[in-house]
Amino acid sequence: MTKIKKIKKKMSLLVFSSVIVLGMWLAWDLIKDDERLIEQEVHSLHQLYTELIHIELINNEYSLAFYEWGNLEHIGVVELEKTLFGWRFSSSMSERVGQDAFYVELNHFSVISQAVPSTVDEVYIELPNGNIHNAKLIEGEELINKYWIYYSDTEILSQAIVTTYDKNGDKLSEVKMPDEPNEGLDRTVE
């Protein structure tokens, strides 16, 4: 009887392990599929020379996809909502890459971002309520520009103070976000 119990235990462990491995593989495959579908949505905007640079998956309900287009002269962000069959365009904006930071309100998220020199190593966002957050730096081998991004669906980003630092901790710049979102943007698509 003990040999049968040992065999059943080994079989149960084998089945359980197989289910875990299969589940992990399916989860990874779905994430890769999400990225492919999001990239298709970004390219459906039909902007010249579009290059996807970063995807933020948010609670498996929303996505913010950041991209460059027009010979890398513009940066854009697309807000997408998860549906039963993929991702649906919600809103987007794009702006000419320059020295100024942009602040935009999409349907569900407020986003601030800026192109920065390669010497920027850390970016801190101080909100009007006093909370301080790290911005995410986006860089890569294929990117000509380096960007910081910060987004929120609950916080007010107007008048936020953005401070950049180099790897030695020296302050490089300090920028105050505008009072109102979407001020002076080249193009917004809704």
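Which of Thr83, Thr163, Thr119, Thr2 has the fewest other C-beta atoms within 10 Å, and how do the rest follow up to the most?
The most exposed by this proxy come first: Thr2, Thr83, Thr119, Thr163.
I want the local charge near Ile149. Using Cβ-Cβ distances under 12 Å, sum +1 for each Lys or Arg and -1 for each Asp or Glu among the other residues.
Net charge in that neighbourhood comes out at 0.
Among 107-116, 39-48, 57-66, how do they line up from the highest to the lowest mean number of other beta-carbon atoms within 10 Å?
Highest-to-lowest ranking by the protection proxy: 107-116, 57-66, 39-48.
Rounding to the nearest 10 and keeping the result within 0 to 90°, find how far the Cα-based axis of helix 2-43 lies from the longest principal axis of the chain.
Helix 2-43 sits at roughly 30 degrees to that axis.
Kirkwood Rh, the chain, all Cα pairs: how many Å?
18.7
Based solely on its DSSP helices, what 222 nm [θ] is calculated for the chain when runs of n ≥ 4 H residues each add -39,500 (n - 2.57) and the sum is averaged over all residues, nearest 500 deg cm²/dmol?
Counting only the DSSP helices, I get -8000 deg cm²/dmol.
For segment 62-157, what does the convex hull of the Cα positions come to per residue, in cubic angstrom?
That works out to 114 Å³ per residue.
What nm value, rounded to one decimal, do you get for the distance between Leu84 and Asp179 when each label is placed 7 Å out toward the C-beta?
Computed distance between label sites Leu84 and Asp179 equals 4.7 nm.
Once R0 is set to 41 Å, what does the formula 1/(1 + (r/R0)^6) return for the Cβ-Cβ distance between His133 and Asp33, expressed as a FRET efficiency to the nearest 0.05?
Result of the calculation: an efficiency of 0.85.
For the chain, with a Gaussian network of springs between Cα atoms less than 10 Å apart, report the residue from Tyr49, Tyr124, Tyr67 with the top mean-square fluctuation.
Comparing Tyr49, Tyr124, Tyr67 in the GNM, the peak value goes to Tyr49.
Using the Cα centre of the chain as the reference point, and only Cβ charges (+1 on K/R, -1 on D/E), how large is the resulting charge dipole? Debye, rounded to the nearest 20.
So the magnitude is around 2020 debye.
Taken together, the values in this text are just the output of simple stated rules run on the coordinates, not laboratory data. Worth saying up front: this structure is predicted, and the values here are computed from it rather than measured. Virtual Cβ from ideal backbone geometry, glycine too; neighbours counted across all protein chains shown.
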